[in-house]
Amino acid sequence: QVQLVESGGGLVQAGDSLRLSCAASARTFSNLAMGWFRQGPGKEREFVARISRGIGITNYADSVKGRFTISRDNAKNTVYLQMNSLKPEDTALYYCAADRDSIGLPSLVVHTTTYEYWGQGTQVTVSS
């Protein structure tokens, strides 16, 4: 069983930055691929970023490339999402997710069903 707790959300203005954190309770955290998803008002939950186990290969949604950076600290059992140049369209509830299988195919990492464990989310609101 893996427990995930997100933090770091808040209300910011367009152009500002935030760093989200996801703390994991898992004995095998280093073996988990970790992802961030978000769900805005009236929208489906969508993929944001993923970092693999091992060497830490990353994947990003096109909408956040160049602005967001995912990273992990295995010693702290924590994954981060650094969000820069925030836009109003980034407003959403951001979820941390864990993938214990860690296949990492680009066609699969964007789907919620690839991930077995989820946090409860942290709200990010960006005003114009």
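Every number in this text was worked out from the coordinates using simple rules, so none of it is lab data. Treat the numbers as computed from the prediction; the structure is a model and nothing was measured. So basically every Cβ, Gly included, is an ideal-geometry build from the backbone, and we count neighbours across all protein chains shown.
For the chain, the longest stretch holding no trypsin sites (Lys or Arg not before Pro) located in a DSSP loop with at most 12 other Cβ atoms within 10 Å is which?
Looking at the chain, 66-128 is the longest stretch - no exposed trypsin sites (Lys or Arg not before Pro) with at most 12 other Cβ atoms within 10 Å.
For the chain, calculate the relative contact order in percent as a whole number, restricting contacts to Cα pairs under 8 Å that are 6 or more residues apart.
About 36 percent, as a whole number.
Rounded, prolate or oblate for segment 73-128? Axes are the square roots of the Cα gyration tensor eigenvalues, ordered a ≥ b ≥ c, and the cut-off for rounded is a/c under 1.5.
On the way: a/c = 2.07, a/b = 1.59, b/c = 1.31.
Verdict is prolate for segment 73-128.
Report the net charge of residues surrounding S71, where surrounding means a beta-carbon distance below 14 angstrom and charges are Lys +1, Arg +1, Asp -1, Glu -1.
Within the 14 Å Cβ shell, the charges total +4.
How large is the helix-only mean residue ellipticity at 222 nm for the chain, computed as the sum of -39500 (n - 2.57) over DSSP H runs with n ≥ 4, divided by its residue count, in deg cm²/dmol to the nearest 500? Don't skip to the end; give the middle numbers.
Details: 1 runs with 4 residues, N = 128.
The helix-only estimate for the chain comes to -500 deg cm²/dmol at 222 nm.
If exposed means no more than 14 neighbouring beta carbons inside 10 Å and the site is in a DSSP loop, what's the longest run of the chain without any exposed GluC sites (Glu not before Pro)?
45-115
Between S102 and D73, what length in nm is gained on full extension when 0.36 nm per residue of separation is reduced by their alpha carbon distance? Working shown, then result.
Details: separation 29, 0.36 × 29 = 10.44 nm, distance 1.71 nm.
Working it through step by step, the gained length comes to 8.7 nm.
Shape verdict for the chain, please, from the Cα gyration tensor: rounded (a/c under 1.5), prolate (a/b greater than b/c) or oblate.
Prolate shape, in that a/c is at least 1.5 and a/b is the bigger ratio.
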